[in-house]
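Chemist: Take this structure, written in structure tokens, and hold onto it; I'll ask about it next.
The values are calculated or read from the model by the stated rules, or taken from the named source; none is laboratory data. Predicted model, so just to flag it, every value in this text is computed and none were measured. We place every Cβ from the backbone using ideal geometry, glycine too, and count neighbours over all the protein chains shown. For accessibility, only protein heavy atoms count, side chains too; no ligands or nucleic acids. Shrake-Rupley method; radii C 1.70, N 1.55, O 1.52, S 1.80 Å.
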Amino acid sequence: MSSNTDYAALQARLTPLFEHIAQGAPAREAQRQLAHDEVKALLHAGFGALRVPQEWGGAGLRIRQSFELLIALAAADSNLSQAFRSHLLFVEDQRLQALQGQAQARQWLAKVVEGKLFGNAVTELGEGAAKRYQTAVTQTTEGWRLNGEKYYSTGSLYADYIAVAADHNGQRVSVVVPVDAPGLSQRDDWDGFGQRLTASGHSSYANVAVREEDIAPGGYGSPGPTWGTAYLQLVLLASLAGIAQRVEQDAIAWVRQRTRTFSHAPAALPKHDPLVQETIGKLSAAAFGTRAAVLAVADVLDHVIDAGGSDPALLDEAERAAAQAQDVVIGLTLDASTRFFEVGGASLVGSAHGHDRYWRNARTIATHNPLAYKLRSLGANLLNGDPLPYQWSAGVRHA
């Protein structure tokens, strides 16, 4: 476990990097320039190994500490916090398995410490995976082969390896493949209006050779309660909390230097205007509230993982907490990213500033795991004891 001194040193090392990433974010957004250099810098600084135990070469942080840093990264560029989403889950899963004595997990963690990044390929178009994945791994006379196509392969264009959710004879499995494997192709064709730099496009697998030891049973959508769904949701919420933090910071910086106001304003300078001051207070409260909600769920997840990651009561506690936080964080961030524009005149919407990315990115992140379904499930659980929906996929629902 990392000491407070080690954690402070890590924060001091990462803070200038986050500031550098933030400075280039508007230009990257405007030019749709994928942040390859920034991702490499983060990996070189050890960001990918935050949860790997110190004795294995990582930072050994608590989940709460890692999410404090993830919020800070999201405040610099929310694309990058989301791009690391699958990697962080992969590391958490491998860490737990390695602590239980699984040698293959230790080998993957060694790759993480080397600075390798793991992307994902889960979502499929059409029927999706509501019943079973169309992407499949099969054993042939020439060995194991992977075939299929995935959409929303978030972070994979930055990655060294991709964890692919696949079907094997009706069972869900996870297959790890290097990005330079023959037959694997990727496209940066995500066309959403937000989070454009998460590298969330298609990935295709045409007879990709797979080692048997790189095929693991289970994976996303497997039956039974899991801490993974709350963890994945929390990465998205940390990205939203980072946006709320950046909105607060940019609004304060904008108002402090501004001298223009309106003829009917109650003060000569915006920073002395009580209406503007109230808006800044509202934005600050949103940044505080979103951060507090994320870290509260992170504390629950620390408890879950410390207990081995399989206690049913603790898993339900984490899933409920993530659902509750989802409503709080989405509402506060979307409101803040709109209210931000109340602190200035028309010049605030200038394209060069890129302030529109706050709402666009927040709205895009918030579409993950539809909130209405999550709240209904939460209410049914609290009122009637209905089981929480750990397994769900986008696609065609089968009776």
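Chemist: Can you list the residues, at least 5 places off or on another chain, whose amide H is less than 5 Å from the amide H of G183, using H built in the peptide plane?
Modeler: Under 5 Å from the amide H of G183 lies no amide H from a residue far enough along the sequence or on another chain.
Chemist: Take the alpha-carbon centre of the stretch 40-57, take the same for the stretch 130-152, and report the distance between them in whole Å.
Modeler: Between the Cα centre of the stretch 40-57 and that of the stretch 130-152, the gap is 31 Å.
Chemist: Ok, one more. Identify the trypsin sites (Lys or Arg not before Pro) of the stretch 187-268 meeting these criteria: DSSP loop state and at most 14 other C-beta atoms within 10 Å of the C-beta.
Modeler: When the trypsin sites (Lys or Arg not before Pro) of the stretch 187-268 are filtered for loop state and at most 14 Cβ neighbours within 10 Å, R187, R211, R260 remain.
Chemist: If you average the alpha carbon positions of the stretch 253-318 and of the stretch 157-209, how far apart do those two centres end up, in angstrom?
Modeler: Comparing the Cα centres of the stretch 253-318 and the stretch 157-209, I get a distance of 34 Å.
Chemist: Roll a 1.4 Å probe over the protein chains and send me the accessible area per residue for the chain in Å².
Modeler: 45
Chemist: What is the chain's relative contact order, in percent, from Cα pairs under 8 angstrom and six or more apart in sequence? Intermediate results must be reported in sequence, preceding the final value.
Modeler: Values: 709 pairs, mean separation 70.8, N = 399.
Once normalised by length, the contact order is 18 percent.
Chemist: Which ³J(HN,Hα) values in Hz, rounded to whole numbers, follow from the phi angles of the stretch 100-108 under the Karplus curve 6.51 cos²θ - 1.76 cosθ + 1.60, where θ = phi - 60° and Gly and Pro get x?
Modeler: After applying 6.51 cos²θ - 1.76 cosθ + 1.60, I find 8, x, 7, 5, 4, 5, 4, 5, 5 Hz.
Chemist: For Cα extents along the principal axes in Å, which listed value, (1) 107, 63, 41; (2) 86, 56, 42; (3) 80, 49, 47, comes from the coordinates shown?
Modeler: (3)
Chemist: Moving on to the next point. About the Cα centre of the stretch 29-94, how large is the charge dipole given +1 on each Lys and Arg Cβ and -1 on each Asp and Glu Cβ? Please answer in debye to the nearest 20.
Modeler: On the way: 6 positive and 8 negative charges, 18 e Å.
Once rounded to the nearest 20, the dipole reads 80 debye.
Chemist: Right, next: Only four residue types carry charge here, +1 at the Cβ of Lys and Arg and -1 at the Cβ of Asp and Glu. Report the dipole size of the stretch 233-285 about the Cα centre in Debye, rounded to the nearest 20.
Modeler: 140
Chemist: Let me ask something else. With an 8 Å cut-off on Cα pairs and a minimum separation of 6 or more residues, tell me the relative contact order of the stretch 278-399 in percent.
Modeler: 27
Chemist: Quick one: 3J(HN,Hα) in Hz for the stretch 82-87, Karplus 6.51/-1.76/1.60 with θ = phi - 60°, rounded, Gly and Pro as x.
Modeler: Values per residue, Gly and Pro as x: 6, 4, 7, 4, 5, 4 Hz.
Chemist: Then there is this: Determine the gain in length on full extension of the stretch E19-A267; use 0.36 nm per residue of separation and subtract their C-alpha separation, reporting nm with one decimal.
Modeler: Once the chain is fully extended between E19 and A267, it gains 86.0 nm.
Chemist: How do K111, K131, K150, K271 rank by accessible surface area computed with a 1.4 Å probe, from largest to smallest?
Modeler: Numbers: K111 65, K131 140, K150 0, K271 95 Å².
Greatest to least solvent exposure: K131, K271, K111, K150.
Chemist: Using modelled amide H (1.01 Å from N, peptide plane; none on Pro or chain starts), what sits under 5 Å from the amide H of W190, excluding residues fewer than 5 places away?
Modeler: Here S200, G201, H202 satisfy the definition.
Chemist: About the Cα centre, and with charges only on the beta carbon of Lys, Arg (+1) and Asp, Glu (-1), how big is the dipole of the chain? Nearest 20 debye, please.
Modeler: Numbers: 35 positive and 40 negative charges, 150 e Å.
Computed about the Cα centre, the dipole is about 720 debye.
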